[in-house]
Amino acid sequence: MTYRVCFVCTGNICRSPMAEAVFHARVQDAGLDGLVEADSAGTDGWHEGEGADPRTLAVLEENGYGLDHTARRFRASWFSRLDLVVALDAGHLRELRRLAPTEQDAAKVRLLRSYDPAADRADLDVPDPYYGGADGFDACLEMVEAASTGLLAAVREQVEGRAA
C-alpha cells in the first residue's frame, strides 16, 4: 500500500512545490519510490492551473532537483486518501485542520519544520519567498532540505510498520 504525502502552502507555486520536489528526490534516493508518493497543493486557488514560480524552478534546478508542476487547490475530500498532510506554515496548519472532516484527518496535518531537530520550536514557519528576491527562495530551499531528512525518516518508519 502506497504512503501518500501532500505538501500545502498558500498558492502552490513556491514553497509546497519546492517541498514536493525535494522530498520526491529523497524518496527516490532512499529506494522508496513506488512505496511513497508526494504531491502538493495550496490552501487558496489563486494560481490553479499555473506552473511553479520561475524562481522556485530556478533554485530547484540550480540544486539538482526536477519539477513538473501545475498548481491546484487542496480539497477536504483528499484527506481520506492521504496519510500525511504537511503544512508549510502555522496559517496553513490551522486552515488544513479546520478543513479536516474528522479528528483523525486533522491529526494527519503536521508542520514541515517540525521534522527538523535544529529548527527553532518557537517558529516553525517556512517564510513565503514570493514577494522577495532570490535569496528568499534559497533560504526556503535550505529549510525544506533540512526538514526533509527527518520527514523521510518518519515516513520510512510508517512504511516499514505497514510491511511488518
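The values are calculated or read from the model by the stated rules, or taken from the named source; none is laboratory data. Note that this is a predicted model, so its numbers are computed, not measured. Neighbour counts run over all protein chains shown; Cβ positions are idealised from the backbone, glycine included. Just so you know, the surface numbers come from the protein's heavy atoms only, side chains and all, with ligands and any DNA or RNA stripped out. Shrake-Rupley method; radii C 1.70, N 1.55, O 1.52, S 1.80 Å.
Here are some notes:
- Residue that is surrounded by the fewest Cβ atoms within 10 Å (Cβ to Cβ), among those in the range 109-127 that are part of a loop (DSSP other than H, G, I, E, B) and under 13 Å from the mean Cα position of the chain (by Cα): Asp125
- A single entry from Leu111, Leu99, Leu57 fulfils the requirement of being touching a Gly at 6+ places or on another chain (Cβ under 8 Å), modelled with pLDDT of 95 or more and more than 23 Å from Glu160 (Cβ to Cβ): Leu57.
- Criterion applied to Glu103, Glu95 was being open to solvent by 30 Å² or more (accessible area, probe 1.4 Å) and either among the basic types (Lys, Arg) or touching a residue at least 40 places away in the same chain (Cβ under 8 Å) (or both), and the one residue passing it is Glu95.
- Taken over the range 44-54, the criterion of being within 26 Å of Gln28 (Cα to Cα), in a loop (DSSP other than H, G, I, E, B) and either free of Cβ contacts under 8 Å to residues at least 12 places away in the same chain or open to solvent by less than 30 Å² (accessible area, probe 1.4 Å) (or both) is satisfied by Ala52, Asp53.
Table: residues versus (1) within 17 Å of Phe23 (Cβ to Cβ); (2) of a type in the set (A, V, I, L, M); (3) out of contact with any strand residue (DSSP E or B) (no Cβ under 7 Å at 6 or more places or on another chain); (4) part of a loop (DSSP other than H, G, I, E, B).
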{"residue": "Tyr65", "(1), (2), (3), (4)": "yes, no, yes, yes"}
{"residue": "Ser77", "(1), (2), (3), (4)": "no, no, yes, no"}
{"residue": "Pro101", "(1), (2), (3), (4)": "no, no, yes, yes"}
{"residue": "Tyr130", "(1), (2), (3), (4)": "no, no, yes, yes"}
{"residue": "Glu142", "(1), (2), (3), (4)": "yes, no, yes, no"}
{"residue": "Ala147", "(1), (2), (3), (4)": "yes, yes, yes, no"}
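- Neighbours by Cβ (under 6 Å, 6+ apart or cross-chain): first from the range 1-20, assigned to a strand (DSSP E or B); second charged (D, E, K, R): Tyr3/Asp83; Arg4/Glu37; Arg4/Asp83; Cys6/Asp39; Phe7/Glu20; Cys9/Arg15
- All of (1) assigned to a helix (DSSP H, G or I); (2) closer than 22 Å to Arg94 by Cα; (3) hydrophobic (A, V, I, L, M, F, W, C) hold for Ala153 with one exception: (2).
- Taken over the range 8-40, the criterion of being of a type in the set (S, T, N, Q) and in contact with a His (Cβ under 8 Å, 6 or more places away or on another chain) is satisfied by Thr10, Asn12, Ser40.
- Filter result (under 19 Å from Gly11 (Cα atoms), acidic (Asp, Glu) and open to solvent by 40 Å² or more (accessible area, probe 1.4 Å)) within the range 55-89: Asp68
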